[in-house]
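Below is one structure, written out as structure tokens, with a few remarks after it.
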Amino acid sequence: MNFIVKLLLTGLAVIITSYLLDGVYIEGYLAAIIVAAILAVLNAVVRPLLIILTIPITVFTLGIFLLVINAMIILMADYIMPGFEVDGFWWALLFSIILAIINSIFESFARKN
């Protein structure tokens, strides 16, 4: 049940973030939930592999390269999901940062309740 609530909240965060950014387009709330599910799968499967493969550059940049990995995950979701469009790398980077901020706000509200 917790996963479903988190998925719905992430879908809402995707919708809010797409409204804030001109370079990101999402068709609707159902597409946002699918994007949230795709992001969950990519973060569980692909992200750890990318982190392991890029340990030297991540250490060299003191972890800043993880933002690049997040943007790459967003671009992969854009490639997989037809109703989700991101105009480029910088929009994906900004999208991942804002999405993380909105998700942390939602999690703080959920913990209080």
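Here are some notes:
- Of the residues making up segment 51-70, those that are among the aliphatic types (A, V, I, L, M), in a helix (DSSP H, G or I) and within 19 Å of Trp90 (Cα to Cα) are Leu66, Leu67, Val68, Ile69.
- Residue list for segment 91-105, restricted to those being over 10 Å from the mean Cα position of the chain (by Cα), buried (at least 18 other Cβ atoms within 10 Å of the Cβ) and under 22 Å from Leu8 (Cβ atoms): Ile102
- Exactly one residue among Gly28, Gly88, Gly63 is farther than 27 Å from Ser108 by Cβ, at pLDDT below 95 and either under 10 Å from the mean Cα position of the chain (by Cα) or loosely packed, with under 14 Cβ neighbours inside 10 Å (or both), and that residue is Gly88.
- Positions within segment 37-60 being β-branched (Val, Ile, Thr), surrounded by 14 or more Cβ atoms within 10 Å (Cβ to Cβ) and more than 21 Å from Phe3 (Cβ to Cβ), in sequence order: Thr54, Thr58
- Condition met for Val5 (surrounded by 16 or more Cβ atoms within 10 Å (Cβ to Cβ) and in contact (Cβ under 8 Å) with a residue 40 or more places away in the chain): no
- Pairs, first at pLDDT 90 or above in segment 98-111, second of a type in the set (Lys, Arg), C-beta under 9 Å, six or more apart: Asn103/Lys6; Phe106/Lys6
- Top-ranked residue in segment 1-25 [being farther than 15 Å from Leu99 by Cβ and not in a helix (DSSP H, G or I); ranked as modelled with the lowest pLDDT]: Met1
The values are calculated or read from the model by the stated rules, or taken from the named source; none is laboratory data. Keep in mind that what you see is a predicted model, and the values were worked out from it rather than measured. Positions of Cβ are backbone-derived with ideal geometry, glycine not excepted, and every protein chain shown enters the neighbour counts.
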